[in-house]
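The values are calculated or read from the model by the stated rules, or taken from the named source; none is laboratory data. The shown structure was predicted, so the numbers you read here are calculated from the model rather than taken from an experiment. We place every Cβ from the backbone using ideal geometry, glycine too, and count neighbours over all the protein chains shown. Side chains are part of the model used for accessible areas, which takes the heavy atoms of the whole protein and leaves out ligands, DNA and RNA. Shrake-Rupley method; radii C 1.70, N 1.55, O 1.52, S 1.80 Å.
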Amino acid sequence: MKRMLVIRIKRCLACKSCELGCAIAHSESGELFGAILEQPASRSRVRVAGDAGFAMPLQCRQCETAPCMGVCPTKALNRSGVDDPIVLDHGLCIGCTWCVMACPFGVISLDEQRRAIVKCDQCFDLVQRGRLPACVTACPSGALTFQTSDDVSREKREACLVEFRRAAGQPGEAV
Amino acid sequence: MPVPGSHQRSSDPAACRMLELAAQNALKLAYDRYDAMQPLCGYGQLGICCQNCNMGPCRINPFGDGPQTGICGASPAVIAARNLARKSAVGSAAHSDHGRGIAQMLLQTARGKTPGYRIKGPAKLRKLAEEWGIPTAGATTEQLAEKVALAALEDFGRQDGVLRFVSRAPQKVRARWEKAGVAPRGIDREIVGTLHSTNMGASNEPHHLILNCVRAGLADGWGGSMIATELSDILLGEPAPLVSEANLGVLKRDYVNILVHGHEPVLSDALVVASQSDEVLDACRDAGAQGLQLAGICCTANEVLMRHGVPIAGNLLHQEFALVTGAVEMMVVDIQCIFPALRDLAKKYHTLMVSTSPKAHFEGFQHIEFDDSRAIESAKQILLAGVANYVNRDKSKVHIPTEKSPLVAGFTTEGVFDHLGGRYRPSYRPLNNAISDGRIRGVVAVVGCNTVKIKQDEAHLALVKELLRHDVLVVQTGCSAIACGKAGLLTPEAADLYAGNGLKEVCDAVGLPPCLHMGSCVDISRILTACIEICREGGLGDDFADLPVAGAAPEWMSDKAIAIGFYVVGSGVYTVVGDPLPVMGSPVVADYLTNGIEKDFGGKFAFEKDPIQAARLIIKHIDSKREALHLSPMMFEPRPVESLGKPLVDDSARAAVG
């Protein structure tokens with residue numbers, strides 16, 4: 001089942017560890033001290049956005065009907081199965097940046113050094129090996145998780161239930 | 001992620017046993033907390049997180065994304081250098097405040113205010129008084145001690161000129177300090193000045209900030225640490241070679257086991273005396289124990305080992321393993337390197353945790369402040385509380401590993417004379433000759449901490465063995481010395497098992513171990529003074545930077561190690577550390593520390609995690625210095641790796657070169 005990067009906004013402390021974790025995971029060496037020396041520099045696919053008192057990590061939502069895929073003239077953006085993330089075929093990308101314009105969240109950008117676009121691939125190679133996406137592993141405060149939408153809705157229903165019970169004067173634990 | 005097995009955590013079988021035991025009992029140790037802390041913050045590791053003012057905190061993205069300066073405009077180089085300067089100042093402060101404590105203790109003892117102590121190193125006292133221009137004729141030991149202590153204390157607050165010990169440094173070393181403007185003035189002043197330079201908007205030039213790192217470091221090595229060593233020798237006695245043991249096997253099943261842990265020798269010295277008193281021994285017997293076993297952890301252990309032969313229970317990471325034996329009635333701590341985690345671990349056993357220093361209190365420890373005006377009484381009071389706790393020991397929880405290794409410790413700059421030249425013609429000449437003739441390649445100080453980032457002791461042992469087989473004489477202090485002590489490298493027999501033929505010949509001739517234990521981490525100042533003697537003896541250059549020597553701290557973790565690194569490099573010595581200093585987020589600073597600094601100070605850093613690679617770097621450095629000095633080629637090929645750990649039996653491996 002399709003899993004997604006879930007953001008728990010109240011937990012984000014804006015430390016930007018996810019940005020480092022992402023750039024390291026997408027580097028050649030795969031480790032901090034080697035990654036920072038590489039040229040072209042590895043790019044983070046997640047960006048912590050926000051202002052004073054409010055911050056959240058933003059990365060590709062892997063939309064079901066993805067505008068970026070729709071506008072890509074060379075079919076460089078693709079997903080191999082319905083549950084899979086949208087990944088870029090570097091050989092096909094012509095850097096036209098239509099996808100940058102089409103993305104409703106501003107999470108696709110042009111890598112100035114590689115002259116191609118960069119976007120979150122949900123660390124599909126790590127995930128295939130049973131690991132979590134790098135931003136999730138890097139987050140020290142639990143603001144990022146990797147879950148199915150079913151899991152997320154169930155958790156939200158349980159949280160609602162607690163509220164309803166309290167309102168009805170029957171405090172109790174979530175199931 | 002799978003949790004590494006105990007054999008991946010430590011090279012020490014006793015440690016592995018304790019790790020397994022802790023895991024069985026669901027106890028969390030430093031390694032578990034390290035796992036839970038993963039991944040470590042990259043900004044912190046790279047040194048490019050700045051919290052020096054409240055406009056931030058600021059972080060620089062090392063991949064070039066986002067802001068490339070702090071809010072004030074500080075570059076990554078300024079941020080990394082500023083952070084490093086704070087660390088150097090903190091490390092220098094730690095050693096120097098330790099030194100101040102010893103000087104104050106010497107002063108109080110000279111004034112007769114500390115019954116229980118007497119000045120045990122009068123010969124060294126007279127020598128130092130002469131060096132400092134204090135008239136010795138007709139003066140009593142106490143009168144001299146008072147003047148020497150006051151003179152030492154003056155160096156902490158010195159406002160004019162430079163520290164007294166600066167005049168010990170070779171002329172060329174001093175000339176470099178003067179040219180760079182870093183000759184250390186008052187000890188406190190250099191620490192304060194360095195901290196000031198890091199205040200928001202103060203010094204904003206990376207090179208100037210690194211000069212501050214060096215100056216704070218020099219105030220430690222040629223100030224606080226050297227005062228700590230010299231005055232400890234005067235007050236508590238000069239160490240002399242002695243035999244003892246190291247590892248958790250020194251704890252005894254039917255004895256009251258009391259551990260001393262930390263760095264300062266003053267209280268632990270009184271504990272040693274008090275532990276032999278009838279009152280304490282009777283109390284042990286009354287409690288049903290056969291006696292009292294005192295043992296040490298970290299540098300307090302090294303101090304009481306050097307002067308009293310008290311056995312060593314272990315190094316930094318052994319502080320938790322020792323409690324897991326279930327056989328420790330009390331751990332008495334003073335200052336530095338003491339895990340606050342010991343509180344919760346001790347609660348799982350009967351162990352009493354006692355803090356004693358006004359400089360370091362611990363949540364959940366019992367604080368019995370050491371009163372030096374009634375030292376022995378104070379020490380007895382502490383020990384008796386430990387003895388009284390023996391009845392609370394749960395015998396079902398006692399698991400003392402059998403591992404312990406014999407060792408020889410107690411080497412000093414002065415004591416090495418006796419060994420090398422014989423008692424009747426003390427001299428560094430035999431050492432210098434052995435180096436010039438190519439029997440000994442050079443001398444390397446392997447020192448420093450343990451860290452959970454790598455397998456405990458592995459880097460120390462691998463580096464030392466690789467150096468020994470290349471005929472390098474190794475001198476040691478701190479947790480590194482304890483690592484080698486546990487592994488049996490601090491014995492004359494280790495020369496048979498690990499040393500190259502040239503080094504083995506020298507060790508055999510004079511009965512020395514191939515690794516010399518020179519004390520605690522402040523005693524790295526002994527290694528500086530030994531280098532002075534090597535220069536003075538002549539034939540190997542009159543500058544530290546010319547000598548075929550190097551320093552290494554393969555498992556460093558403390559700010560103190562950073563201060564040490566700066567005074568060693570600042571004095572002209574090539575120094576290899578394991579994990580890089582936290583500056584890699586600034587290529588400018590990293591490049592200066594590993595290259596440019598050599599032009600200013602004669603020494604430089606190298607960052608190398610692989611201990612064998614580190615040994616190669618060191619050997620290459622030593623060989624280049626030997627070549628520059630036109631020394632004879634090495635007499636022997638390096639000892640083959642396959643022969644390590646086995647006594648050399650035939651002479652076929654002794655193929656002479658050239």
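For the protein assembly as shown, what is the percent of antiparallel DSSP beta bridges, rounded to the nearest 5?
Rounded to the nearest five, the antiparallel share is 35 percent.
Would you mind giving the average projected area, over all directions, of the Cα convex hull of segment B:409-640 in nm² with one decimal?
11.3 nm²
Report the normalised scattering of segment B:228-297 as log10 I(q)/I(0) at q = 0.16, 0.23 Å⁻¹, calculated by the Debye formula with identical scatterers on the alpha carbons.
-0.68, -1.14
What does the convex hull of the Cα atoms come to per residue for segment B:513-658, in Å³? It would help to have the intermediate numbers written out before the result.
Values: hull volume 20.8 nm³, N = 146.
With only Cα atoms used, segment B:513-658 gives 142 Å³ per residue.
If you average the C-alpha positions of segment B:230-280 and of segment B:305-336 separately, how far apart do those two centres end up, in angstrom?
Segment B:230-280 and segment B:305-336 have Cα centres spaced 10 Å from each other.
Ignoring ligands, DNA and RNA, how do A:Glu64, A:Glu28 rank by accessible area with a 1.4 Å probe, largest first? Could the numbers behind the result be given before it?
Working: A:Glu64 130, A:Glu28 165 Å².
Solvent-accessible surface, decreasing: A:Glu28, A:Glu64.
Find the relative contact order for chain B and round it to a whole percent, using C-alpha pairs within less than 8 Å whose residues are 6+ positions apart.
16 percent
So for each of B:636-643, B:214-221 I average, over its residues, the number of other beta carbons within 10 Å; can you give me the resulting order with the highest mean first?
Final packing ranking: B:214-221, B:636-643.
Using the 2.2 N^0.38 Å rule of thumb for compact globular proteins, work out how segment B:76-236 stacks up: its C-alpha Rg over that value, please.
Compactness ratio reported: 1.13.
Angle, helix A:149-167 long axis vs. longest principal axis of chain A, Cα atoms, 0 to 90°, nearest 10?
With rounding to tens, the tilt is 30 degrees.
How large a share of the accessible area of segment B:1-44, in percent, is made up of carbon and sulfur atoms when the probe is 1.4 Å and the other protein chains stay in place?
Numbers: 1470 of 2450 Å².
The C+S portion of the solvent-accessible surface of segment B:1-44 is 60 percent.
Using only the Cα atoms of segment B:464-592, what are the Rg and Dmax in Å?
For segment B:464-592, the Cα radius of gyration and maximum Cα-Cα distance read 15.6, 50 Å.
By how many nm would the segment from B:His399 to B:Trp132 lengthen if fully extended, with 0.36 nm per residue of separation less the alpha-carbon distance?
Extra length available between B:His399 and B:Trp132 comes to 90.9 nm.
Binning at 10 angstrom from zero up to the longest distance, how are the C-alpha pair distances of chain B distributed in percent?
For chain B, the binned pair fractions read 3, 16, 26, 27, 19, 7, 1, 0 percent.
To the nearest 20 debye, what is the magnitude of the charge dipole of segment B:510-639 about its Cα centre, counting +1 on the Cβ of each Lys and Arg and -1 on the Cβ of each Asp and Glu?
Details: 11 positive and 17 negative charges, 29 e Å.
Taking the Cα centre of segment B:510-639 as origin, the dipole is about 140 debye.
Mind jotting down a quarter of the surface of the convex hull over the alpha carbons of the protein assembly as shown, in square nanometres, one decimal?
Values: hull surface 167.7 nm².
About 41.9 nm², averaged over all directions.
Enumerate lysine pairs in segment B:76-236 that are 8 or more residues apart or on different chains, then count those whose Cα atoms are under 19 Å apart.
Pairs that pass both the separation and distance tests number 4.
Work out the mean other chain Cβ neighbour count within 10 Å for the residues of A:33-46 and drop it here as an integer.
3
Once you place label points 7 Å from the Cα toward the Cβ at B:Phe362 and B:Glu279, how far apart are they in nm?
Inter-label distance under the simple model: 2.5 nm.
For the pairing of chain B with chain A, what total accessible surface becomes buried, with a 1.4 angstrom probe, in square angstrom to the nearest 100?
Heavy-atom accessible area buried at this interface is about 1500 Å².
Accessible area per residue for segment B:365-447 in Å², computed with a 1.4 Å probe and the full protein assembly in place, what is it?
Spelled out: the 1.4 Å probe surface of segment B:365-447, per residue, equals 42 Å².
Just to compare against my own numbers: the Cα pair-distance distribution for chain A, 5 Å bins, whole % per bin, please.
1, 8, 14, 17, 19, 16, 10, 5, 4, 2, 2, 1, 0
Nearest 0.05, what FRET efficiency do B:Asp437 and B:Glu627 give at R0 = 22 Å with Cβ-Cβ as r?
Efficiency at R0 = 22 Å is approximately 0.90.
At 20 °C and 1.002 mPa s, grab the translational diffusion coefficient of segment B:81-138 from Stokes-Einstein with a Kirkwood Rh over Cα pairs, rounded to a whole number in µm² per second. Write down the numbers at each step before the final one.
On the way: Rh = 13.9 Å.
Diffusion coefficient, whole number: 154 µm²/s.
Hey, how much of the P(r) for segment A:63-119 falls beyond 14 Å, as a percent of Cα pairs?
48 percent
Once the Cβ-Cβ distance between B:Ala23 and B:Arg253 is put in as r, and R0 is 30 Å, what FRET efficiency do you end up with, to the nearest 0.05?
On the way: r = 23 Å, r/R0 = 0.76.
The pair B:Ala23/B:Arg253 has a calculated efficiency of 0.85.
Tally Lys and Arg at +1 and Asp and Glu at -1 over the other residues with C-beta under 11 Å from the C-beta of B:Asp523: what net charge comes out? If you can, show how the numbers build up before the last one.
Numbers: positive: B:Arg526; negative: B:Glu230, B:Asp233, B:Glu303.
Combined, the nearby Lys, Arg, Asp and Glu give -2.
Report, in debye and to the nearest 20, how large the dipole of the protein assembly as shown comes out about its Cα centre when Lys and Arg carry +1 and Asp and Glu carry -1 on their Cβ. Could you put the intermediate results ahead of the total?
Working: 87 positive and 91 negative charges, 284 e Å.
Using only the charged Cβ atoms, the result is roughly 1360 debye.
Tell me, what is the FRET efficiency for B:Asp371 and A:Asp125 to the nearest 0.05, using R0 = 56 angstrom and their Cβ-Cβ distance as r?
In this case the efficiency is close to 0.30.
Pairwise over distinct Cα atoms, reciprocal of the mean inverse distance: report the Kirkwood radius of segment B:160-255 in Å, one decimal place.
Value: 16.2 Å, from the Cα pair sum.
Heavy atoms of the protein only, probe of 1.4 Å, neighbouring chains included. What is the accessible area of B:Val588 in Å², nearest 10?
90 Å²
For segment A:11-104, what Kirkwood radius comes out of the mean inverse Cα-Cα distance, in Å?
15.2 Å
Step by step: find N for segment B:375-520, compute 2.2 N^0.38 Å, then divide the Cα radius of gyration by it. What's the final number?
Output field value: 1.31.
Distance from the Cα centre of segment B:34-93 to that of segment A:81-96, in angstrom?
What the calculation gives is 36 Å, centre to centre.
Give or take rounding to whole Å, what are the principal axis extents of the alpha carbon atoms in segment B:248-397, in descending order?
35, 32, 27
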